Amino acid sequence: MTGILRYVSPEIEKLLVIQDRDKRLIQLEQQLQRIPAERVEIEERAKAATSRLEELKGKARLTEAERKQLENEVASKRTQIDKWRSQQVLTKKNEEYQALAHEVSNAEKAIFKLEDKELDLMDVSEKLASEIKAEQQVLNDVNAQAQRQKETIGKREAAMKEEIEKLKAERATLSAGVDESFLNRYQRIMRHRQDVAIVPVQHGNCGGCHLQLPPQVVHEAKRSAEMVTCEQCGRILYWSGEFQAATGHAD
Ligand SMILES: [Zn+2]
């Protein structure tokens, strides 16, 4: 290869430089548009960790309430037992004494069972407490990470906005040197296409929509006497030697 041959008109050359800025601008605008979604995603992760922790805390509260209830039941049974025992002391009838003894014994058995359940619940509470501690650590990490990510996004956003301003200023300066009707045409296509407005002829095809171009259009693009557009996609075509060499029909 002896270097790339280009047959590009000065206006196209200028527009290609503008297009270069515009492509970057479009890219930056698209990245900026994604930022709110990125922020939402970060928030969602933090929210998910918070709700996992809240769920565990809820379970712990329920377990504690249940345990408290058992404790109350035990206390009231003990009060009842005390009453029965006082009655036992006062009674003179053996039958009544035995009946009370029976009640006391049943209540004591019930207390035994309740206290067993209480111990089980205490185990559950203990397990939940350690899960809560671990989940709290996860939440702290997630929040710290979210904070860092938000800062990074904020910096990225500011840098992108700054670059956009710089590109817009450059673009304004570059545009001043371009024929207005060419520029307007270019801008209309760019607004419509949102990617590129000026494309090279690539081996007889449009570099934008990739459809084959009529020989006459290729010929006109090569001459570059006037602005030639692709009939399929409306993009402006230019002749650049770099895409023609492979076909052997560069000239
Ligand atoms: Zn096309």
With Cα atoms, 0 to 90° folded angle of helix 94-176 axis to the chain main axis: 20 degrees
For the range 81-191, the spread of Cα positions along each principal axis, largest first, Å: 122, 26, 18
Under the rule of -39500 (n - 2.57) per DSSP H run of 4 or more residues, summed and divided by the residues of the chain, what mean residue ellipticity at 222 nm is obtained, to the nearest 500 deg cm²/dmol? -28000 deg cm²/dmol
Taking 0.36 nm per residue of sequence separation and subtracting the Cα-Cα distance, how much length would be gained by fully extending the chain between GLN30 and GLU165, in nm to one decimal? 47.1 nm
Between ASP82 and GLU43, what is the label-point separation in nm under the 7 Å Cα-to-beta-carbon projection? 5.6 nm
Just to be sure I understand the model, the point goes 7 Å from the Cα along the line to the Cβ. What's the resulting GLN136 to HIS210 distance in nm? 5.8 nm
Summed over the other residues with a beta carbon less than 12 angstrom from that of LEU56, with K and R at +1 and D and E at -1, the charge totals +2
Report, in listed order, any pair from LYS68/LYS133; LYS14/LYS150; LYS23/LYS150; LYS59/LYS83; LYS23/LYS47; LYS68/LYS109 with a Cα-Cα distance greater than 29 Å. LYS14/LYS150; LYS59/LYS83; LYS23/LYS47
Enumerate the amide H contacts of GLN202 below 5 Å, restricted to partners 5 or more residues apart or on another chain; note that Pro and chain-start residues carry no placed amide H. GLY207
Isotropic mean projected area of the C-alpha convex hull, the chain (nm²): 25.1 nm²
Please rank GLU55, GLU118, fewest neighbouring Cβ atoms within 10 Å first, as an exposure proxy. GLU55, GLU118
Using a simple spin-label model with points 7 Å from Cα along the Cα→Cβ vector, what separation in nm is obtained for ALA176 and ASP116? 9.3 nm
Write down Rg/Rh for the range 179-247, rounded to two decimals, with Rg from the C-alpha atoms and Rh from the Kirkwood relation over Cα pairs. 0.96
Suppose every Lys and Arg Cβ carries +1 and every Asp and Glu Cβ carries -1, with no other charges. What dipole size does the chain come out with about its Cα centre, to the nearest 20 debye? 280 debye
In degrees, nearest ten, helix 180-193 long axis to first principal axis of the chain (Cα): 40 degrees
Arrange SER86, SER9 by Cβ neighbour counts within 10 Å, fewest through most, would you? SER86, SER9
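How would you rank HIS192, HIS203, going from fewest to most other Cβ atoms within 10 Å of each one's own Cβ? Please report the intermediate quantities before stating the final value.
Values: HIS192 11, HIS203 15.
Ranking HIS192, HIS203 by Cβ neighbours within 10 Å, fewest first, gives HIS192, HIS203.
A short reminder: the numbers here are calculations on the coordinates, not readings from a lab. Every value quoted in this text rests on a predicted model; they were computed, and no experiment measured them. Note that we place each Cβ from the backbone using ideal geometry, even for glycine, and neighbour counts take in every protein chain shown.
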